[in-house]
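**Student:** The structure follows.
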Amino acid sequence: MPHSKQPSHFQSLMLLQWPLSYLAIFWILQPLFIYLLFTSLWPLPALYLAWLFLDWKTPERGGRRSAWVRNWCVWTHIRDYFPITILKTKDLSPEHNYLMGVHPHGLLTFGAFCNFCTEATGFSKTFPGITPHLATLSWFFKIPFVREYLMAKGVCSVSQPAIDYLLSHSTGNLVGIVVGGVGEALQSVPNTTTLILQKRKGFVRTALQHGAHLVPTFTFGETEVYDQVLFHKDSRMYKFQSCFRRIFGFYFCVFYGQSFCQGSTGLLPYARPIVTVVGEPLPLPQIENPSQDMVDKYHALYMDALHKLFDQHKTHYGCSETQKLFFL
């Protein structure tokens with residue numbers, strides 16, 4: 001399918017569906033759900049609550065993915081809007097499990113979402129026998145209906161029990177963790193290649209405990225689709241953002257892109273190419289209680305592999321030869 005260079009109104013509306021979907025579900029379905037409890041239809045939400053209680057642990061036990069949801073045609077409109085693509089550098093054997101570092105976070109992680117939570121870019125054909133899971137904040141799975149939507153796309157909780165389950169039950173599982181987290185999102189501005197990784201070593205320890213292979217990835221263009229307003233650390237707005245993060249687990253970012261009218265400002269992202277490059281897996285031994293020295297060793301190897309992956313592909317996807325990858 002050819003990629004459209006300029007977003008149509010239809011594609012733009014479809015694109016907005018994903019970033020706003022969590023809010024739409026929360027602010028529309030949740031009040032409706034509560035309202036039904038006080039009507040003659042109260043058995044419906046009551047039954048759902050009973051089922052929710054029985055199904056509470058499912059997000060930490062592999063989830064409940066749906067091939068139908070992952071193949072919705074709306075995802076192809078999102079893919080073609082930018083466009084978004086995935087590049088494989090090495091095969092992934094279904095005989096192993098993998099822990100994948102997703103870099104950078106960006107503002108809305110369009111690349112990781114489209115490549116690993118949908119089939120729009122053909123993940124199953126690119127990596128046959130591999131089942132992808134993208135980890136996100138655990139509290140999303142405590143919200144009625146939102147949890148069903150996330151699990152259907154193969155999203156899993158970033159909690160330790162959820163990741164341990166996927167890496168210890170069967171093989172061929174690929175768990176993606178956005179290592180930089182919400183802190184990296186706050187630094188997401190165009191023309192920057194700085195990752196929060198230097199002290200983030202928990203994912204390496206988990207990989208060692210399960211003998212999972214580490215897979216570095218870098219998504220070129222992820223930080224280019226929005227401009228963000230950055231506030232000084234002494235400003236009231238920055239303090240509000242920090243407080244918001246402590247309460248909700250993510251930053252309240254002020255960002256903007258384009259509108260339906262070309263050349264004007266709006267909330268639509270810029271239609272710029274996004275390419276996720278999946279690197280060569282780094283084999284790790286299985287050590288039930290790895291020492292800190294062992295964790296440091298493989299963390300350094302992972303950073304080196306990620307650095308090489310960036311340098312090998314940067315000039316092909318919008319970065320200059322002199323552009324450097326920095327770790328914080």
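The values are calculated or read from the model by the stated rules, or taken from the named source; none is laboratory data. Small disclaimer: the values here were computed from a predicted structure and weren't measured. Glycine gets a Cβ as well: all are built from the backbone with ideal geometry, and neighbour counts include every protein chain shown. Surface areas here come from the heavy atoms of the whole protein model, side chains and all, with no ligands, DNA or RNA. Shrake-Rupley method; radii C 1.70, N 1.55, O 1.52, S 1.80 Å.
**Student:** Using amide H atoms built 1.01 Å from N in the peptide plane, name the residues 5+ places from Val215, or on other chains, whose amide H lies under 5 Å from its own.
**Tutor:** Distant-sequence amide H within range of Val215: Leu99, Met100, Gly101, Leu282.
**Student:** What is the dipole size for the chain, taken about its Cα centre, with +1 at each Lys and Arg Cβ and -1 at each Asp and Glu Cβ, in debye to the nearest 20?
**Tutor:** It comes to approximately 460 debye.
**Student:** Let me ask something else about it. Per-residue accessible area for Glu95 at 1.4 Å probe radius, Å² rounded to 10?
**Tutor:** 140
**Student:** While we're looking at this one, here's another question. Ranking request for peptides 151-158, 63-70, 286-293: highest mean number of other beta-carbon atoms within 10 Å first, then the rest in descending order.
**Tutor:** On the way: 151-158: 22.4, 63-70: 15.5, 286-293: 11.1.
Packing proxy ranking, top to bottom: 151-158, 63-70, 286-293.
**Student:** Within straight cross-link reach of Lys142, meaning Cα distance under 30 Å, which lysines are found once same-chain residues fewer than 8 apart are removed?
**Tutor:** Lys57, Lys153, Lys199, Lys201, Lys239
**Student:** Report Rg(Cα)/(2.2 N^0.38 Å) for segment 50-143, keeping two decimals.
**Tutor:** Details: Rg = 14.8 Å, N = 94, 2.2 N^0.38 = 12.4 Å.
In units of the 2.2 N^0.38 Å rule of thumb, it is 1.19.
**Student:** Over all directions, how big on average is the projection of the convex hull of the alpha-carbon atoms in the chain, in square nanometres?
**Tutor:** Details: hull surface 75.1 nm².
Taking a quarter of the hull surface, the average projection is 18.8 nm².
**Student:** Can you tell me the order of 137-143, 160-166 when each peptide is scored by its average per-residue count of other Cβ atoms within 10 angstrom, highest first?
**Tutor:** Packing proxy ranking, top to bottom: 160-166, 137-143.
**Student:** Kirkwood Rh, Cα Rg: Rg to Rh for segment 207-293?
**Tutor:** Values: Rg = 19.8 Å, Rh = 17.0 Å.
Rounded to two decimals, Rg over Rh is 1.17.
**Student:** Ignoring ligands, DNA and RNA, please state the percent of accessible area on segment 129-203 from carbon and sulfur, probe 1.4 Å.
**Tutor:** 60
**Student:** With a 1.4 Å probe and every protein chain left in place, work out the accessible area per residue of segment 227-268 in Å², rounded to a whole number. Don't skip to the end; give the middle numbers.
**Tutor:** Values: 3060 Å² over 42 residues.
On a per-residue basis, segment 227-268 sits at 73 Å².
**Student:** Carbon and sulfur atoms: what percent of the 1.4 Å accessible area of segment 227-268 do they account for? Don't skip to the answer; put the middle values down first.
**Tutor:** Details: 1870 of 3060 Å².
In segment 227-268, the share of accessible area belonging to carbon and sulfur is 61 percent.
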